[in-house]
1. Considering the zone a paramagnetic label at Asp14 would reach in this model (a point 7 Å from Cα along the Cα-to-Cβ line), which residues of the stretch 70-97 have amide N under 17 Å from it?
2. Percent of alpha carbon pairs in the stretch 79-137 separated by more than 17 Å?
3. Could you tell me which of rounded, prolate or oblate describes the stretch 18-86, using a ≥ b ≥ c as the square roots of the eigenvalues of the alpha-carbon gyration tensor, with rounded for a/c under 1.5 and, failing that, prolate when a/b is larger than b/c and oblate otherwise?
4. Cα convex hull of the stretch 1-146: mean projected area in nm², to one decimal?
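Each value in this text was obtained by applying a stated rule to the coordinates, not by laboratory testing. Everything numeric in this text was worked out from a predicted model, so none of it was measured. FYI the Cβ positions are ideal-geometry reconstructions off the backbone, even for glycines, and counts take in every protein chain you see.
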Amino acid sequence: MIPSALSRPAVAVDLKLLSAEPLDLVGLLSKSHHPEAGAIVLFSGEVRDNDPQTDVAYLEYEAQEAMATKSIRQILEDACQKWPLNIALAQHRTGKVGISESAVVVITASPHRAEAYSANRYIIDRIKHEAPIWKCEYFKDGTKEWGGNCNCQKITGDANKHIYEWTEEKK
């Protein structure tokens with residue numbers, strides 16, 4: 001278990017939030033059990049082999065490490081203030097990340113599933129849109145494209161409108 005039993009807030013202070021090594025989803029999940037948690041949600045952001053324009057070969061992530069770590073930790077702490085979480089953790093890759101590899105993982109544990117799901121979505125959306133992490137997509141045709149950690153503008157047409165906001169408006 002990452003935090004000590006019954007501890008609040010539930011953010012692991014010893015977990016490295018950025019990793020140049022492949023993320024260990026099984027290891028992180030195995031440390032995310034808590035005696036008061038009835039639900040554990042694991043989100044893994046995977047590198048897919050395509051984007052709306054072309055085929056993707058791999059991604060490469062760069063981060064301003066001190067700022068990104070501070071930002072992710074604050075997002076996790078904010079989630080713990082909004083929901084009764086027993087555990088909240090996140091880890092993001094840096095460097096080259098291949099197809100079907102995990103670029104980011106978020107795990108939340110809470111007494112009930114609704115809170116675990118809501119908090120997990122909140123955490124990943126904020127990390128993707130707020131943490132100073134930059135993504136370069138390398139395409140199979142040899143071209144590449146740098147951007148932020150999100151590419152919502154390609155879909156929404158507005159750099160300040162993110163997919164999770166845009167899809168809610170469409171409902």
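1. It comes to 87-90, nothing else.
2. 43 percent
3. Numbers: a/c = 2.10, a/b = 1.58, b/c = 1.33.
In terms of gyration-tensor shape, prolate.
4. Values: hull surface 33.2 nm².
Taking the Cα atoms of the stretch 1-146, their convex hull projects to 8.3 nm² on average.
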